[in-house]
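This report refers to the structure that appears directly beneath it.
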Amino acid sequence: MNIFVCVKQVPDTETKITPTGDGSFIETASIKWIMNPYDEFAVEQALLIKQANPAANVTVVRVGSKKDTEALIPALAMGADEAALVEAGDNLDSYSIAKALKGAIEKTGKKPDIILAGKQAIDDDCLQVPQILAEMLGLPSVSVIVGFEMNGAAVKVKREVEGGALEVYEVSTPVVLACNKGLNTPRYPSLPGLMKAKKKPMATYSLSDVGVSEADRRVKYSGFRLPPEKPAGKKFDATDAAKQKDVVGQVVGLLRTEAKVI
Amino acid sequence: MDFSLSAEQREIRELALKFAKNEMIPHAQEYDEHGKFPTEIFKKAWELGLINACIPAEYGGAGFSAIDGVIIGEALAYGCMGMNTSFMANDLALLPIVIGGSDEQKKRFLTPFTQEFKIASFCLTEPGNGSDAGGIKTQIKDGGDHWIVNGEKMWITNAGYADLFVVYGTIDPNLKHKGISAVVVDPKTPGIEIGKKEDKMGHRSSDTRGIRFNNVKVPKENMLGKPGDGWNIAMSTLDHSRPLVASSALGGAQRAMDLSVHYAKERNQFGVPLAKHQAIQFMIAEMGMKIEAARLLVYKSAWLCDQGIRNTEIASYAKAFASDSCMQITTDAVQIYGGYGYSKEYPVEKLMRDAKLIQIYEGTSQIQRLVMAREILK
């Protein structure tokens, strides 16, 4: 069984984001990059499947620039068998990333049975790479999964929907699954695992190696700006019962004229 | 000259810091408040290979360098200086075996620590002898086919949980330093009385106790080196352990600084964030400067260790400077937090209490200066 896990490297959640001078992207020089947290659930799920099927092979794939601390390394340290990196800029659109992932998966020569990814990357929050990838590969996909079971050649997955309800799907493999928090508890990479990770195969490709060119770009980012600073909140004193009516009037008035929410 | 860490060292640091942030920081306050020993967290850290960094690869260890060790130490202390004292005590107790043990002893004592989760204690200090370690009163007598240990030890980290003690004693008090010897003792041996847990100001999660040895029989093959080798083993252990203890002060100081910077940007006074006030900026600048200098000393003292160059002087610089800086930085962190800093609801008062101990154990800041002066003036 061949399992692929698509991971993205994203700025640490505590990063202070600064747009570049020309607004074409964000400053990446001083960013601390981490593995996209949702992708950790995908890596863990792949390793859980491997535990139950020791013959399974887990390949982690990433598209993006070379980083100071490579996210594929902790994935290998957690227990993945091999890795592939497609070197590219960090501001590709979802379509190009999906196409590059498809190309990298095909480059390995392994026929995928299960492809896992995080449901979204926490940097651009596009929530579409797994679905586009599935479409390109002609495979079924289920997103936002919080439960997983192997069921012969099929998988049974639970998917979260609005209001906390769960949908249960039985899908034939090969399949693309986009993982959500709650699916499992990702293990830590261990230090001995880290030492072993160095000896595991890691292939590196360029975008042209995997058949992606600038012509594949569907979305061009025209400007990155910080959101306007939030003004401080207003406090209203309604402790004096006699003045409460006035205060309520003021609040309603401001909600109409200033906040324009009613 | 290259000041950068290798890719592998950066990965080790990331991994250890992730553990510190996810598994230690969220529980540090609770363990501190109740003086609870962090068995589960300790075990989890062991499972990830973060404990016993000093065990060489040929005995089942990961084969970390001293620099790797201080990188891990700093990260774990960032999580909690108190818990890290318990973790670090394993290295401190196993180092004398790494340094002075025979191949057979290393296999017998070190390898089991790589195979299952075990805890060790380093037993040097006595009720009457702290800084004056040469004045050890505990006696190790030749009992024919075994040694007989009698005496009392004090402030022994992990004592109530240990699977192994390394005990320093003297074969003859008249021989002074030349009589000091080290034996490996099974804590379950008859005649060992372990005292009650000390109620400490800081490092409250780490287990600290007195131990009494009453005619404790120790196998002959458990002495490290020859009778009288103990002093050199202890001094060499300190050369290795001081960078590690210094790294712990560094981790605590870094945490205090990170919290201070965060708070100074968030809290407003006189209509602007604290960070806009020069009085606060000066304290934060001082923190950054001291941490950077301490880190260079810590890394250099560990690097010398790895090169096999005697590091006694630099290790004392590192230990004294890092721990004194940690005290100053954690005190200033409380100052920056103001009234909130003095409350147990906020994390900085614990850091200040924890910092104090690092100026005391493993050679006080004053003893470090004696060592420095002796090295400089010799």
Check your understanding: Does region B:288-309 hold any residues that are more than 17 Å from B:Asp239 (Cα to Cα) and among the small types (Gly, Ala, Ser), and which are they?
Key -> B:Gly288, B:Ala293
Revision key, fill the gap. Listed by first then second residue, the pairs whose first member lies in region A:66-78 and is within 7 Å of chain B (Cβ to nearest Cβ) and more than 19 Å from A:Leu116 (Cβ to Cβ), whose partner is assigned to a helix (DSSP H, G or I) and not basic (Lys, Arg), with beta carbons under 7 Å and at least 6 positions apart or on separate chains, are A:Thr69/B:Glu11; A:Thr69/B:Glu14
**Study point:** Checklist (1) surrounded by 13 or more Cβ atoms within 10 Å (Cβ to Cβ); (2) at pLDDT 90 or above; (3) part of a loop (DSSP other than H, G, I, E, B) applied to A:Gly193, failing item
**Key:** (3)
Check your understanding: Does region B:114-128 include one or more residues that are within 30 Å of B:Lys176 (Cβ to Cβ), in contact (Cβ under 8 Å) with a residue 40 or more places away in the chain, in a helix (DSSP H, G or I) and within 21 Å of the chain's Cα centre (by Cα)?
Key -> no
Review point. With respect to B:Lys137, is the statement that it is basic (Lys, Arg) and assigned to a loop (DSSP other than H, G, I, E, B) true?
Key: yes
Review point. Which one of the conditions (1) away from chain A (no Cβ under 14 Å); (2) closer than 15 Å to B:Gln254 by Cβ does B:Ala75 fail to meet, given that it meets all the rest?
Key: (1)
Exercise for review: Select from region A:182-199 the residues that are within 14 Å of chain B (Cβ to nearest Cβ) and either within 30 Å of A:Ala154 (Cβ to Cβ) or in contact with a Pro (Cβ under 6 Å, 6 or more places away or on another chain) (or both) and list them in ascending order.
Suggested key: A:Thr185, A:Pro186, A:Arg187, A:Pro189
**Study point:** Criterion: in contact (Cβ under 8 Å) with a residue 40 or more places away in the chain and within 25 Å of the chain's Cα centre (by Cα) - qualifying residue of A:Arg225, A:Arg159
**Key:** A:Arg225
Review point. Looking only at region A:87-141, which residues are part of a loop (DSSP other than H, G, I, E, B), charged (D, E, K, R) and over 20 Å from A:Gly223 (Cα atoms)?
Key: A:Lys110, A:Lys111, A:Asp113, A:Lys119
Study note, to complete from the structure: Counting only helices (runs of 4 or more DSSP H) entirely within region B:1-52, those with at least 3 residues that are within 14 Å of another protein chain (Cβ to nearest Cβ) and surrounded by 14 or more Cβ atoms within 10 Å (Cβ to Cβ) are B:7-19, B:39-47
Practice item. Name the residue, out of B:Ile72, B:Ile12, that is modelled with pLDDT of 95 or more, aliphatic (A, V, I, L, M) and under 24 Å from B:Thr111 (Cβ atoms). Key: B:Ile72
Exercise for review: State all residues of region A:206-262 that are of a type outside the set (Asp, Glu), within 30 Å of A:Glu106 (Cα to Cα) and in a helix (DSSP H, G or I); if no residue qualifies, say none.
Suggested key: A:Ala215
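The values are calculated or read from the model by the stated rules, or taken from the named source; none is laboratory data. Since the model is a prediction, treat every value here as computed from it, not as a measurement. Cβ atoms come from the backbone with ideal geometry, glycine included; neighbour counts cover every protein chain shown.
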